[in-house]
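The values are calculated or read from the model by the stated rules, or taken from the named source; none is laboratory data. Remember, it's a predicted structure, so these values are computed and weren't measured experimentally. Glycine also receives a Cβ, built like all others from the backbone with ideal geometry; neighbour counts cover every protein chain displayed. Note: accessible area is taken over every heavy atom of the protein model, side chains too, but ligands, DNA and RNA are not part of it. Shrake-Rupley method; radii C 1.70, N 1.55, O 1.52, S 1.80 Å.
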Amino acid sequence: MKIEILINQTIKAALIELYNFNVEEGQIQIQNTRKDQPGDFTVVVFPFLKVSKKSPEETGEEIGQFIMQKIKVVQSFNVIKGFLNLEIGIDYWIENLMQACNNQNYGIEVSDDESKTVMIEYSSPNTNKPLHLGHIRNNLLGYSISEILKANGNKVIKTNIVNDRGIHICKSMYAWQKWGNGKTPENSGMKGDHLVGEFYVEFDKQCKVEIAELLEKGFTKEQAESNAPSIQAARELLLKWEANDPETVNLWKTMNTWVYKGFDLTYKKLGVDFDKIYYESETYLIGKEEVLRGVREKIFYQNEDNSVWADLTDEGLDRKILLRSDGTSVYITQDIGTAKMRYNDFQIDKMVYVVGNEQNYHFQILAVLLDKLGYAWGKDLYHFSYGMVELPSGKMKSREGTVVDADDLIEEMIQVARDMSAELGKLESLSKEEAEDTFRMIALGALKYFILKVDPRKNMMFNPEESIDFNGNTGPFIQYTYARIKSVLRKAKESNITIDYNVRLNSLSSKEKDLLKRITLFPVAIKEAGDNYSPAVIANYCYELVKEYNQFYHDFSILSESNEDQRNFRLVLSATVAQIVKKGMNMLGIEMPERM
RNA sequence: GCCCCGGUAGCUCAGUUGGAUAGAGCAACUGCCUUCUAAGCAGUAGGUCAUGGGUUCGAAUCCCGUCCGGGGUACCA
């Protein structure tokens, strides 16, 4: 039984026996003792003063005595200012270490027949431009939260909705027709998504010129924007596409294929993947049907101009448009269609959408709409709403060229890793391929950790000049510590030191104990990360663990320790730290190099 | 206007759901490579937790007001 639960029950018994008081569940607070105080667990006695009618010190003393008598592993206790600190014997901590090191699934809940199935949508790119830093945050969070939910015993289906149709795609298509000169990824050597993105930018430039001309002729801003020739041409393309015009559909397919190839490369570099991909072009009509069904069933209503609306004022929300007056669908329409399709395809207990916080309102409405349409699960959808990535110059805007491109960023990071490694004189013994692979792991480790260590709900700042470090609280620091442990273990093997996982020991230094305590917190961290949808919890846990290990590492010798039991214990401890750190970092999608 | 989110060291971020003297990294300064990997370790300096009130044994954390920043707000996605 977990010691905290045992202490909890014992205190409950103590309060009944000592003060004839039956506490409610959750009234007893047991926390880890502060590092600067003696003891392992701390009980806050303030809440019991009312019933004990004694001073905090006396109350703590009485409860402490009681616990000492009932629980063997509690070795001693002390009371300081109303905090009852309990010291747990060495056996308990060693026992815990052995559970951790002998169990590959330590801290992880394995899914079974009773497990819930969670579908997670993330990434959701538009096919008119390449991925940027904002998408990176999305992808990393989506992938990581999938892994964390798996570790909490859920079955997870990772999914992606590709926004592959609409006016924005037609803009790139039109620009390519007009200025493309038959340029393809093959004949230009350009990555497909970048190529298409280039034409999107081209379109925007042209459009601005046209609008400026119209403004000069005395048009209003609105008129100019809708009458610009290239805008009209793009609209025409959209109509043709919806009418299934073969030439248009063909071009659309071709250009999308280029983009998908490009995205696949970026996804692969990022190490994210999907179990099932949906395309808006295949779901938007279903959404439209659902909306029309809603009109027939009087859930929604139609205006005189034919636009369809939902009245959500009863829910404290506004009215929301679902189909435009020309009958075309809006953004939320396809989300309804996609949701329906997903629930037909899979048995889903919970749907999670990883989408930026700018769409909080959108998902609030989507939940209500799905509910109104009769889908029981609609209300329970979870919008994993993450904050935006900000630059020193402000918000990223693709049209203003202030985006940080995903592929560029990854390449730059790898180059920095290379340079730094050369400067430090590392990895010289490795083959070129092995070294390159390590640089890649380090670069991505730095990037991923940098993004995932911050609370996903908050906006975060990214300074391209100086943001991503390789020292301090970073991915590479954790990877480095891991590599060093691996090195020690290799050397132990070379010297024919076998590790005995049955640890014998009768004393612990405070640093060793800190590590042992930290190890017992791994399962707690996983659970907290799952409950709060927060990879940051895992990231910060790994950092704390590794930081403590480093202190231990520098203070004690391992291989040259003469006492065999002591040496064996330190090896087991190191191996366990490595195992846990690797597992934790893998939940963040970060690979761990054996050498660096 | 209305709704949602945020404000902690010069910078980037933690803060175990209300607990003890506020925690890291970067940047600055000081030590430590003849020692299992110095992408490291030890130390110095840096704080009115935006601000005013309230709740109680106890508040960065909960409630109300104010200021500042970000996002959303009926035919963009």
Open item on the list: If I filter the range A:81-118 down to residues being part of a helix (DSSP H, G or I) and more than 33 Å from the chain's Cα centre (by Cα), which single residue comes out as nearest to residue A:352 (Cα to Cα)?
Closed with: A:92
- [ ] Within the range A:337-358, count every residue that is open to solvent by 40 Å² or more (accessible area, probe 1.4 Å) and either without any contact (Cβ under 8 Å) to a residue 24 or more places away in the chain or within 15 Å of RNA strand B (Cβ to nearest atom) (or both).
- [x] 3
Task: Test for residue A:153: is it open to solvent by less than 20 Å² (accessible area, probe 1.4 Å) and modelled with pLDDT of 95 or more - done: yes
Open item on the list: Looking at A:524, A:537, A:577, A:546 in this structure, which one is within 12 Å of RNA strand B (Cβ to nearest atom), aliphatic (A, V, I, L, M), open to solvent by less than 20 Å² (accessible area, probe 1.4 Å) and within 22 Å of residue A:589 (Cα to Cα)?
Closed with: A:546
Task: Answer residue from the range A:550-569, given it is charged (D, E, K, R) and within 8 Å of RNA strand B (Cβ to nearest atom) and is nearest to residue A:522 (Cα to Cα) among those - done: A:555
TODO: Take the residues in the range A:30-52 that are over 27 Å from residue A:512 (Cβ atoms) and open to solvent by 70 Å² or more (accessible area, probe 1.4 Å), then tell me which one is nearest to RNA strand B (Cβ to nearest atom).
DONE: A:46
Task: Residue match in the range A:111-118 (condition: among the β-branched types (Val, Ile, Thr) and either farther than 17 Å from residue A:529 by Cα or more than 16 Å from RNA strand B (Cβ to nearest atom) (or both)) - done: yes
Task: Odd one out for residue A:325, checked against (1) at pLDDT below 90; (2) of a type in the set (Gly, Ala, Ser); (3) closer than 28 Å to residue A:138 by Cα - done: (3)
Task: Selection count, the range A:429-463, where residues are farther than 14 Å from residue A:592 by Cα and among the basic types (Lys, Arg) - done: 4
Task: Cross-chain or 6+ apart pairs with Cβ under 9 Å, the range A:158-173 first and in contact (Cβ under 8 Å) with a residue 24 or more places away in the chain and part of a loop (DSSP other than H, G, I, E, B), then open to solvent by less than 10 Å² (accessible area, probe 1.4 Å) and among the β-branched types (Val, Ile, Thr) - done: A:164/A:127; A:164/A:259; A:165/A:127
Task: Residue count, the range A:427-459 (criterion: near RNA strand B (Cβ under 9 Å from one of its atoms), assigned to a loop (DSSP other than H, G, I, E, B), open to solvent by less than 70 Å² (accessible area, probe 1.4 Å) and out of contact with any strand residue (DSSP E or B) (no Cβ under 8 Å at 6 or more places or on another chain)) - done: 3
Open item on the list: Which residue is least open to solvent (accessible area, probe 1.4 Å), if the candidates are limited to the range A:460-486 and must be in contact with an Asp or Glu (Cβ under 8 Å, 6 or more places away or on another chain) and either of a type in the set (S, T, N, Q) or more than 6 Å from RNA strand B (Cβ to nearest atom) (or both)?
Closed with: A:462
Task: Residue satisfying all of: in the range A:549-574; under 35 Å from the mean Cα position of the chain (by Cα) and open to solvent by 10 Å² or more (accessible area, probe 1.4 Å); nearest to residue A:35 (Cα to Cα) among these - done: A:551
Open item on the list: Can you find a residue that is more than 28 Å from residue A:145 (Cα to Cα), touching a Phe, Trp or Tyr at 6+ places or on another chain (Cβ under 8 Å) and in a loop (DSSP other than H, G, I, E, B) anywhere in the range A:493-503?
Closed with: yes
Open item on the list: Based on this model, can you work out whether residue A:90 counts as out of contact with any strand residue (DSSP E or B) (no Cβ under 6 Å at 6 or more places or on another chain) and either open to solvent by less than 30 Å² (accessible area, probe 1.4 Å) or within 16 Å of RNA strand B (Cβ to nearest atom) (or both)?
Closed with: no
TODO: Report the residue count in the range A:220-251 for those that are at positive phi and open to solvent by less than 30 Å² (accessible area, probe 1.4 Å).
DONE: 0
- [ ] Inspect all residues belonging to the range A:371-380 and state whether any of them is more than 10 Å from RNA strand B (Cβ to nearest atom), without any contact (Cβ under 8 Å) to a residue 24 or more places away in the chain and of a type in the set (Ser, Thr, Tyr).
- [x] no
Task: Members of the range A:493-521 found to be free of Cβ contacts under 8 Å to residues at least 24 places away in the same chain and either of a type in the set (D, E, K, R) or touching a strand residue (DSSP E or B) at 6+ places or on another chain (Cβ under 6 Å) (or both), listed by number - done: A:493, A:494
TODO: Within the range A:182-219, track down each residue that is open to solvent by 70 Å² or more (accessible area, probe 1.4 Å) and among the basic types (Lys, Arg).
DONE: A:205, A:208, A:217
Open item on the list: Name the single residue that is farthest from residue A:585 (Cα to Cα) among those in the range A:399-414 being out of contact with any strand residue (DSSP E or B) (no Cβ under 7 Å at 6 or more places or on another chain) and away from RNA strand B (no atom under 12 Å from the Cβ).
Closed with: A:400
Open item on the list: So, in the range A:307-336, how many residues would count as being part of a strand (DSSP E or B), without any contact (Cβ under 8 Å) to a residue 60 or more places away in the chain and aliphatic (A, V, I, L, M)?
Closed with: 4
- [ ] Output yes when any residue across the range A:162-178 is of a type in the set (A, V, I, L, M, F, W, C), open to solvent by 20 Å² or more (accessible area, probe 1.4 Å) and in contact with an Asp or Glu (Cβ under 8 Å, 6 or more places away or on another chain), and no when none is.
- [x] no
Open item on the list: Checking the structure you have, find out if any residue of the range A:252-272 is open to solvent by 30 Å² or more (accessible area, probe 1.4 Å), farther than 27 Å from residue A:180 by Cβ and in contact with a strand residue (DSSP E or B) (Cβ under 8 Å, 6 or more places away or on another chain).
Closed with: no
